[in-house]
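Read-outs: derived from the displayed coordinates by stated rules, not from any lab. Quantities reported herein were computed from a predicted structural model and do not represent experimental measurements. Counting neighbours? That spans all protein chains shown, and the Cβs are built from the backbone with ideal geometry, glycine included.
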Amino acid sequence: VSQRQGQMAEAAAAQAAGEAADTMDVEGGAAPTEITEAVIGELTALGKQLSKGRKKRPTPEGLASEADIGEYSEQGSATPHSSVKQGISCVDMHPADKTITLTGGLDKSAIVFNHTTNKVVAELKGHSKKLTSVKFHPDASRDVILTTSADKTAKIWSKSGKGYAESATITAHTAEVTGVSVHPTGAYAATVGMDAAWTFNSLETGACLKRVSDDKAPGGFTCVKFHPDGLILGMGTDDNMVRIWDMKTQSLVHSFEGHTKKVTALDFSENGYYMGSTSEDGTARLWDLRKLKNVKTLELGSSATSISFDLRKLKNVKTLELGSSATSISFD
């Protein structure tokens, strides 16, 4: 029986990739405090739509080539955070205006910075400890920012006048919150933390619809990312694994093993068939989500802190951007 259950779990992960606990309340209104059948229906319908659409979607024009990336050079720098407690811990780029960045610092604040005017657009203060991740909502028209912190909270910020105001605080974690990922619907976000738990939250109200604990990841979760179809959720662990969860059942469907130190970042390919991960072990690994195995490992020489697939539709080559050395690498 246990063998059959494992086979079913792996099949669920592969299907979601190809096609595609606890409950806690937080402040934010009278929205449902669980993942209802209606919510599952919304996720499932969009997942099917996205799965079909991305297979036909053409490669965007104007993508930088590997040669172009090789010629990149620093165009400027800024130090917008506190000079007393220096250090930028995380960064994101505006989805529509690439001259604007969002950074989180050891000074407990997030800063929106315009690199054309070299001026701070907004400073977001409210966390009581260092920030661990920052994220612009991918839909620029929403003007929403998400932040996570070592203070055990995640915050949702909305545009207010010339700046941003805190609209909700998610308090479902009991330890440092390490990452956040926005669901393709744009209406929800998942967070992970060092308490070995992940949460699924409404961005409209800040309500935590689901909190799931994982007793097989005692070291906690270090990063999180939704699959392009939104039906599976990937997260890295402090004990070297990448865990894949089915969003329809909120159950663990597969664990990828291979890294020998903490997983620092992960991302899914545009076609949804591959996942890339980086680790403090100094490697980047490419995983085939249909075959459920590691198909390529690159020795980087040092730990990478971020990873991102580009949007090219290539059958045999997958290009990844790797930080912190900002290396562009092709998997053949």
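Figure the gain on full extension for Glu61 and Glu299 (residue separation times 0.36 nm, minus the Cα-Cα span) and round it to one decimal in nm.
Using 0.36 nm per residue and subtracting the Cα-Cα distance, I get 82.6 nm.
Which one, Leu146, Phe226, Met194, is farthest towards the positive end of the dipole of segment 145-283 when Lys and Arg carry +1 and Asp and Glu -1 on their Cβ?
Leu146
Any idea what the relative contact order of segment 38-114 is, in percent, if you count C-alpha pairs under 8 Å spaced at least 6 apart?
19 percent
Where a ≥ b ≥ c are the square roots of the eigenvalues of the C-alpha gyration tensor, would you call segment 164-274 rounded, which needs a/c under 1.5, or, failing that, prolate if a/b is larger than b/c, or oblate?
In terms of gyration-tensor shape, oblate.
Expected output is a single nm value to one decimal: the length gained when fully extending between Glu42 and Thr174, i.e. 0.36 nm times separation in residues minus the C-alpha distance. What is it?
That pair, Glu42 and Thr174, stretches by 44.6 nm at full extension.
Once you list every other residue whose beta carbon is under 12 Å from the beta carbon of Gly105, what net charge do they have if Lys and Arg are +1 and Asp and Glu are -1?
Result for the neighbourhood of Gly105: +3.
Determine the shape class of segment 247-309: with a ≥ b ≥ c the square roots of the Cα gyration tensor eigenvalues, call it rounded for a/c under 1.5, and otherwise prolate if a/b is greater than b/c, oblate otherwise.
The shape class here is prolate.
Pull up all non-local amide H partners of Ala265: gap of 5 or more, or a different chain, and H-to-H distance under 5 Å with H placed in the peptide plane.
Answer set, sorted by chain and number: Thr278.
Could you tally the net charge around Ala190, taking each other residue with its Cβ under 12 Å from the Cβ of Ala190, Lys/Arg +1 and Asp/Glu -1?
Cβ neighbours under 12 Å give a net charge of +4.
At 0.36 nm per residue, minus the direct Cα-Cα distance, what do Thr117 and Glu74 gain on full extension? Give it in nm, one decimal, please.
13.8 nm
Going highest first, how would you order 283-290, 62-69, 80-87, 229-236 by mean Cβ packing within 10 Å?
Result, highest mean first: 229-236, 283-290, 80-87, 62-69.
Holding the Cα-Cα limit at 29 Å, pick out from Lys52/Lys159; Lys48/Lys125; Lys98/Lys130; Lys135/Lys262; Lys52/Lys130 the pairs that are longer than that.
Flagged as over cut-off: Lys52/Lys159; Lys48/Lys125; Lys52/Lys130.
Between rounded, prolate and oblate, where does segment 210-250 land on the alpha carbon gyration tensor, with a ≥ b ≥ c its root eigenvalues, rounded for a/c under 1.5, else prolate if a/b exceeds b/c?
oblate
Could the peptides 199-208, 167-176, 114-123, 38-47 be put in order, highest first, of the mean number of other beta-carbon atoms found within 10 Å of their residues?
The most tightly packed comes first, giving 199-208, 167-176, 38-47, 114-123.
Please give the charge dipole size of segment 146-297, origin at the Cα centre, charges +1 on K and R Cβ atoms and -1 on D and E Cβ atoms. Round to the nearest 20 debye.
Using Cβ point charges on Lys, Arg, Asp and Glu, segment 146-297 gives about 260 debye.
Using 7 Å Cα-to-Cβ label points, what is the Val84/Ser158 separation (nm, one decimal)?
In this crude label model, Val84 to Ser158 measures out at 3.2 nm.
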